[in-house]
Each structure stands twice: as structure tokens, then as C-alpha cells.
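What follows is a short report on a single structure.
The values are calculated or read from the model by the stated rules, or taken from the named source; none is laboratory data. Quantities reported herein were computed from a predicted structural model and do not represent experimental measurements. Cβ: placed from backbone, ideal geometry, glycine included. Neighbour counts: every protein chain shown.
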Amino acid sequence: MDGYRGMEMEMPKTPVPVTGEEHEPPTEDNAAVEEMRKRRVLAYCRLLTSDSLDTRWKVAEALGDERDPIAVEPLIAALHDPYVDVQWIAAKSLGQIGDLRAVEPLIAALASEDKWLRVGAAWGLGKLRDPRAVEPLIPLVKDVKKTVRKNAAWALGMIGDDRAVAALTDALQDPEPEVRTAAREALDAISKKAQKSPG
């Protein structure tokens with residue numbers, strides 16, 4: 001599974017602030033850097049409610065790069081922003097942070113009427129790899145929008161649960177080649193995970 005890469009939305013590689021070597025004792029400088037980072041994250045969280053749409057989506061993206069659990073609840077709230085530009089980026093950022101508190105809100109977002117929020121929610125759930133998302137994701141493999149179908153297939157491969165095999169097998173007949181590719185790679189990922197499982 002570690003070699004299985006996302007089909008749709010590779011996120012920008014933002015350098016993580018360096019706080020010292022893994023086994024290096026904390027220093028005043030390291031503590032100061034961490035304190036500054038925390039303040040930055042909290043400032044970004046506050047800006048999620050800014051009157052500026054441009055500011056809201058940019059800080060939603062930045063919080064994903066920060067990967068700080070402090071941002072989970074504010075980003076969950078941002079899934080209900082009036083604009084999908086903020087919603088789908090918040091969904092992706094929740095996946096990047098990797099906190100399982102986001103699973104149920106992202107599952108709920110899969111039912112959105114807007115394809116971009118469905119895409120972001122599927123991508124986020126793929127990153128979280130929680131088996132609770134398998135059944136809600138399966139219907140999206142037949143979504144009317146090909147980008148949703150592709151991301152749903154990718155997410156199911158990331159989770160690696162064999163409950164998705166039948167839907168992914170059907171998706172091998174999808175009219176869109178990128179969806180077929182996503183389904184094939186997802187099936188390969190599920191098969192490899194099963195081979196590694198004990199018993």
C-alpha cells in the first residue's frame with residue numbers, strides 16, 4: 001500500500017518546520033519555533049471565518065500543509081462554508097492531517113450535490129484509510145462525474161478493503177480510461193494488501 005499513489009490530487013510539498021533532530025533534547029530555540037508554528041496555525045484557524053473567500057480557501061490549504069490536529073474542528077466546520085472552493089480544500093486538508101475525527105464528517109460530505117466537495121471528501125477519506133468509509137464510497141464509483149468516480153476508486157484502493165472488489169471490478173468497464181486505470185490500480189492494491197495479511 002505504501003507504493004500506491006493518489007490518482008487525482010497530489011498536494012503541494014510544503015517544508016515542515018525543523019524542530020531539531022529526532023533524539024535531540026529540546027532547546028529554547030526549538031521551543032520558540034514550535035510556539036511560533038502553533039500561533040501561526042491558530043491564526044489560520046481564525047482566518048477560516050474571514051469575510052474574504054480568497055483568504056478562507058488559502059488558509060484551508062495551508063492548514064493541510066501544517067498537519068496540526070488543532071485545525072481539525074475548524075476545518076470540519078469549513079466543510080459547511082458557503083463556497084465549495086473552501087469546502088473541498090478543507091476536505092483535502094482533513095485527509096492530510098490524518099485525524100480520524102474527520103471520518104464521519106467527510107462521509108457525510110460524500111452526499112454533497114457539488115462534485116468538487118464529493119471529490120475532496122473521497123480524497124480525504126482515502127488519505128485517512130478508515131474502513132468506515134468503504135460502504136459510503138462504493139456508490140461513488142458509479143457517480144455521474146468521472147472525477148468523482150476516479151477519486152472514489154483511488155480512495156477504495158488506499159483503504160484496501162475487499163468489500164470494494166465487486167464495484168471496482170465493474171469499474172474496469174467504465175467508459176473513461178482514467179477511471180478504469182484507477183479501478184485497476186485499486187484492485188491491485190487490495191490484492192497486495194490481502195497477500196500481506198496474516199492467515
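Tabulated data for the structure shown
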quantity	calculated
Check on GLU178, in contact (Cβ under 8 Å) with a residue 60 or more places away in the chain and either within 21 Å of GLU73 (Cβ to Cβ) or among the acidic types (Asp, Glu) (or both)	yes
Any hit, segment 112-119, residues being touching a residue at least 60 places away in the same chain (Cβ under 8 Å) and on the phi < 0 side of the Ramachandran plot	yes
Matching residues in segment 34-90 - criterion: being outside any helix (DSSP H, G or I), crowded, with 19+ Cβ neighbours inside 10 Å and under 14 Å from the mean Cα position of the chain (by Cα)	LEU79
SER93 assigned by TED's automatic domain parsing to the domain that holds TRP57, of a type in the set (Ser, Thr, Tyr) and assigned to a helix (DSSP H, G or I)	yes
Within segment 141-157, tally of residues that are touching a residue at least 60 places away in the same chain (Cβ under 8 Å) and farther than 16 Å from ASP188 by Cβ	2
Hits in segment 176-199 (condition: among the charged types (D, E, K, R) and outside any helix (DSSP H, G or I))	GLU176
Any chance PRO139 is in a loop (DSSP other than H, G, I, E, B) and either over 23 Å from LEU117 (Cα atoms) or modelled with pLDDT of 95 or more (or both)	no
Qualifying residue in segment 158-166 (condition: in contact (Cβ under 8 Å) with a residue 60 or more places away in the chain, part of a helix (DSSP H, G or I) and surrounded by 16 or more Cβ atoms within 10 Å (Cβ to Cβ))	yes
Condition check for ALA108: in a helix (DSSP H, G or I) and either modelled with pLDDT under 95 or assigned by TED's automatic domain parsing to the domain that holds ALA60 (or both)	yes
Residues located in segment 91-102, provided they are touching an Asp or Glu at 6+ places or on another chain (Cβ under 8 Å) and surrounded by fewer than 18 Cβ atoms within 10 Å (Cβ to Cβ)	LEU100, ARG101
Segment 45-60 residues that are within 16 Å of VAL72 (Cα to Cα), paired with ones that are among the polar types (S, T, N, Q) and in a loop (DSSP other than H, G, I, E, B) (beta carbon under 8 Å, 6 or more apart)	ARG56/THR49; ARG56/SER50; VAL59/SER50
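Quick grid of which residues meet (1) buried (at least 19 other Cβ atoms within 10 Å of the Cβ); (2) hydrophobic (A, V, I, L, M, F, W, C):
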site	(1), (2)
ALA111	no, yes
GLY124	yes, no
LYS127	yes, no
GLN173	no, no
LEU187	yes, yes
